[in-house]
Every structure is written in structure tokens, then in C-alpha cells.
Amino acid sequence: MARYELGAVYKINAGNEIVYYVRLLELDCYGVFAPFEGELCEDTLLKTPYRLYFCCNSFAVKRGIWEKVLPSPDAKDTARWKSPDLANYGNYNPVLFLEQHRIFHKGNPYEYDKKEFIQMVKSGLIENIFNRHEVIPPFLMNYYEGWPASYILARVNILSGTVEHQKETLEALNEMGFDVSNFTIA
């Protein structure tokens, strides 16, 4: 059985030779690295920001489904592998999340300043929680490129539901500062 190791880098195969590299942070949070050039080594990854974050149980790591490609430089340094505060935001109901403007701090929800919440969402600091590792590769395939706009402005979520819901969604996204002029309500 593979070891659960804070700070280690794991490889997620998404099929079609598409690979994502993630670092295990505290609270079962994973930082997904932005694309990088050069050798896969700690020096390269130190210069590479995380593109997005997700939280998932450790099953895939402990069972070796996600291959460990780099050990942790210091697995005991929990401050170094601290997960960031992330916005509680779901693109399926931006109105609700905009009204609540909550973040997760150390795994617990807190009400947050609305302007700062919007800034977190727009910068992609969104907590994506998955209870099964199998759904993560399709999520990454759908939203990794163009993150966070690819997720926030997903047509399938904006243009579903009642006409009223669609209008409310577009108004909330507009309030957040997103250009929604290319969406037409049915």
C-alpha cells in the first residue's frame, strides 16, 4: 500500500496520454500544478503555481491509483503544505453562493467579506470537493484549461433550469464581474 505523504507529488492519468500533477496538501487538499516546461523535479515545481485545488479522500493515494512521482521534500513540515483558504462556490447556483459568501478555513466554513469572496472565486481559489477519485480526471479534462472561467461560465449550468433561474444566474455572474453578454436565455 502506498504511503500518504504530505508534500509528495502524484500523477493523475486522465487518458489519451493526458497527465496532471498534483501535490498533496493538508486536509486532503490537492494543488493541481499549472502546465510547466522542463524536467519534473522539485526545482521546477517550486517555480510552478497551482492552477486549481480539489479535496478528495486519500483512497487513490493510499491504493497507489495515483502514482507518487516525487517524494515530499519534508513531509513533517505541515506549515509548508498548508492548504489555502478556498471559496465555497458551485457554478450550479452562483446566486446562493454569492449570497452566502463563505470560505473554508482549515476545513471549516466561515462567512467572508463579499468583495474578497468574489475576488477569490475570480482568481480560481474555489474548493472543489469530491468523494470519489474517479470523477476527478473528467473534472480536470473539462475545466483545467481556462480555469476558473471554464468552470464558472459553463454553459450547461448557466442555461439550465427555469428562465427565472437562468436570469438570476446571469445577474449574479454579472455582479461578480463576468462578461455574460454572449449568453442568450431561451
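When residue 111 is tested against (1) over 15 Å from the mean Cα position of the chain (by Cα); (2) crowded, with 16+ Cβ neighbours inside 10 Å; (3) over 18 Å from residue 50 (Cα atoms), just one condition goes unmet, and that condition is (2).
Applying the condition of being of a type in the set (Ser, Thr, Tyr) and in contact (Cβ under 8 Å) with a residue 40 or more places away in the chain to region 38-83 and asking which residue is farthest from residue 137 (Cα to Cα) yields 78.
Checking each residue in region 1-15 for being of a type in the set (A, V, I, L, M) and in a loop (DSSP other than H, G, I, E, B) picks out 1, 2, 6, 8, 14.
Step by step: first the residues of region 21-48, then only those that are touching a Phe, Trp or Tyr at 6+ places or on another chain (Cβ under 7 Å) and among the aromatic types (Phe, Trp, Tyr), then the one that is farthest from residue 84 (Cα to Cα). Which residue is that? Among those that are touching a Phe, Trp or Tyr at 6+ places or on another chain (Cβ under 7 Å) and among the aromatic types (Phe, Trp, Tyr), it is 21.
Give region 118-155 a look and list any residue that's farther than 19 Å from residue 183 by Cα, hydroxyl-bearing (Ser, Thr, Tyr) and surrounded by 15 or more Cβ atoms within 10 Å (Cβ to Cβ), or say none. Passing the criteria: only 144.
Read the figures in this text as sums done on the coordinates, not as results from a lab. Remember, predicted model here, so these are calculated numbers, not experimental data. Note that each Cβ is placed from the backbone with ideal geometry, even for glycine, and that neighbours are counted across all protein chains shown.
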